1. Take the residues of segment B:57-99 that are part of a strand (DSSP E or B) and touching a Ser or Thr at 6+ places or on another chain (Cβ under 8 Å): which is farthest from the other protein chains (Cβ to nearest Cβ)?
2. What's the number of the only condition in (1) at pLDDT 85 or above; (2) buried (at least 22 other Cβ atoms within 10 Å of the Cβ); (3) within 14 Å of chain B (Cβ to nearest Cβ) that A:G181 fails to meet?
3. Within the set of pairs 6+ apart or on separate chains, which have a first residue in segment B:95-109 that is modelled with pLDDT under 95, a second that is of a type in the set (D, E) and in a loop (DSSP other than H, G, I, E, B), and C-beta atoms under 7 Å apart?
4. Could you tell me which of the residues A:I141, A:I133 is open to solvent by 10 Å² or more (accessible area, probe 1.4 Å), closer than 26 Å to B:M127 by Cα, touching a helix residue (DSSP H, G or I) at 6+ places or on another chain (Cβ under 7 Å) and away from every other protein chain (no Cβ under 13 Å)?
5. Tell me whether segment A:147-158 contains one or more residues that are of a type in the set (V, I, T), away from every other protein chain (no Cβ under 14 Å) and open to solvent by less than 10 Å² (accessible area, probe 1.4 Å).
6. Within segment B:270-282, work out how many residues are more than 21 Å from B:V321 (Cα to Cα) and not β-branched (V, I, T).
7. How many residues are outside any helix (DSSP H, G or I) and open to solvent by 20 Å² or more (accessible area, probe 1.4 Å) if we restrict to segment A:253-271?
8. Taking segment B:258-298, which residues are in a helix (DSSP H, G or I) and under 20 Å from B:R309 (Cα atoms)?
Amino acid sequence: MSSAASEMTATGAPNRSGGMVFLKAFAGLFLRDLRVLTRELGPFLLRVGMQPLLFLFVFTFVMPHMSSGNPMAGGAGTSFGTILLPGLMAVAIMFSGIAAVALPLSTEFGITREIDDRVMCPVPVAAVAIEKICFSAMQSIIGALMVIPMAIWIPAKPVYPEIQNWLLFALVLVMSSLLAGALGLTIGASVNPKQIGLVFSIIVVPITFLGCVYYPWAGLKQMVWLQYGVLFNPIVYMSEGLRAAVTPSVEHMPVWAILLALTFFLGILGSLGVRAFLRRVIS
Amino acid sequence: MRGISPDAAEIPLPIPMNSYIVEIKALKKVYEGKQRVVALDGIDLEVRQGEIFGLLGPNGAGKTTTIGICTTRTLPTSGTVTINGIDVVAHPARARQFIGVVPQFNTLDRSLTIYENLYFHCRYFGMPHSEAKSRSNALLAQFLLSERGKAYPAQLSGGMAQRVQIARAIAHRPLVLFLDEPSAGLDPQSRIAMWEAVEGLRKEGITVVLTTHYMEEADALSDRVGIVDRGRMLALGTPQVLKDTHGARTVIDLKLRNIDGADSIAEKMKVLAGVDGAERIPEGVRVFAGNVDGLLPELIQVCSPLGLRDISIAEPSLETVFIHLTGRDLRE
């Protein structure tokens, strides 16, 4: 290292060694993404807000106001709102992850190769991929928090979060958001831009509907095959984790299992995503 | 000629001329697959601090692969590349601090304005806000882009986008700038503007490595030229030295109506005064001549029994050097 440093001075270039290079480059990448996001703040808010808004409106406001003869009204009452709140937060987290990473990455990897300049940063290429995950996580957190006021204002009977363990809440929120970013990175870096639409139908929609979003995992106990089948779905742990943190009165998985599974999937999807990213930029 | 002067006092460089900024040793790249492609077959090259070096060769010769490896984007099968003494495979992130790249295609960030493309590039390389801002504005002025700072890349012409790419590539003050086919797709006027921009980099002491398949470009811009073909370095030197040693001869292609007697015609031509050599080509005869004065009428006369269809003359140039070395045209 010392020989390299003296070499740098010898060539007249500024001394550019030191660990600060990494942090500064990472901050630069983050600022770039932030600039692009602020330019599209309206579309961003609509993108993350529309789904939970309509869900709450239809299932917790419209349905309860329908006549009692409506077969949906029984299941979709005010208690459904309590089940729905953490689930919708999980959906917001996941959709932000897909929209913040998978979609832009698939175009940046496309014919424009816009990612090239960022890949040439003086940091390991993996850091560029990890920045994408972190930036996406920030959007996911905003998206998830937006659901809370909606759940208070929209339903016929307000749904209030009952967070008792703030540390658990923060932990689950951050881990779920990073997990969503890692999933977005994996999809964005490994799927052909032309097929990104198809990914929504064959991956995003199924893992959402089978992700214990609209029902607690414990509710599946009559269908054991399904109850164990969905354990492969990382969304399950996001929903259950938020359920444990935001509405602990609803039956949920044990906290240790949730955290363990979130860590496991974050590790798997994180390394898959980074590897797929490296494959796309280094030949 | 712009060749590097041995008098170091004239050149404001901080290090002696014999130090190399880019060192390539026995570089090989093989793409394994259904069809095994040997892109680079043992390239050796040293680029000196402060020079403009041109890699000349036809499409598919291995130029882009060489640049890809030097800029840490492609991994070599074997061999080494060091930039400023740093191994690009072992320490890619550190090597990137000293590298600027202008890729073959427009890779400007479409979500950012021109100014922001420069500004954030500076931030990626660790400049604080105020420095990044002043550096970006200075570059916009230097490359005559100040009025377009708020435009988006999609609104620029090809020539302007290329200038922005060069400005962005040197924004972090790299020691060496790699330009991959910088004039591909540019109109003649933009090409000259781009040449001027590259010439301007010399004043800043930036070493430039460019690839091209236009021999005029290599000749006009480069202090030294390396001619590559099929993954091998065929010749290396200043354009003048290359022309003197490999092809300071005019190449005259004579296309014949009746090519059956072409071999005997070639033999007859070899003995003419001023002719260094003659050989069969698919459509007729190719003559290498040192002195063309008075030669053409004689050649036409020799050909007349077989019917001369077309005649083309290439003055001594890197093109004729390439033909001499490979037997093929650059654009074939």
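1. Per the criteria, the residue is B:D87.
2. So A:G181 meets the others, but not (3).
3. Hits for this filter: B:Q104/B:E181; B:T107/A:E114; B:D109/A:E114.
4. Result of the check over A:I141, A:I133: A:I133.
5. Yes.
6. 2
7. Summing the residues that are outside any helix (DSSP H, G or I) and open to solvent by 20 Å² or more (accessible area, probe 1.4 Å) in segment A:253-271 gives 1.
8. B:A262, B:D263, B:S264, B:I265, B:A266, B:E267, B:K268, B:M269, B:L295, B:L296, B:P297, B:E298 - these are the residues of segment B:258-298 that are in a helix (DSSP H, G or I) and under 20 Å from B:R309 (Cα atoms).
The values are calculated or read from the model by the stated rules, or taken from the named source; none is laboratory data. In this text the structure is predicted, and so the values were computed from the model without any measurement. Methodologically, a virtual Cβ is constructed for each residue, glycine included, from the backbone with ideal geometry; neighbour enumeration extends over all protein chains shown. To get the accessible areas, we keep the full protein, side chains included, count just its heavy atoms, and leave off ligands, DNA and RNA. Shrake-Rupley method; radii C 1.70, N 1.55, O 1.52, S 1.80 Å.
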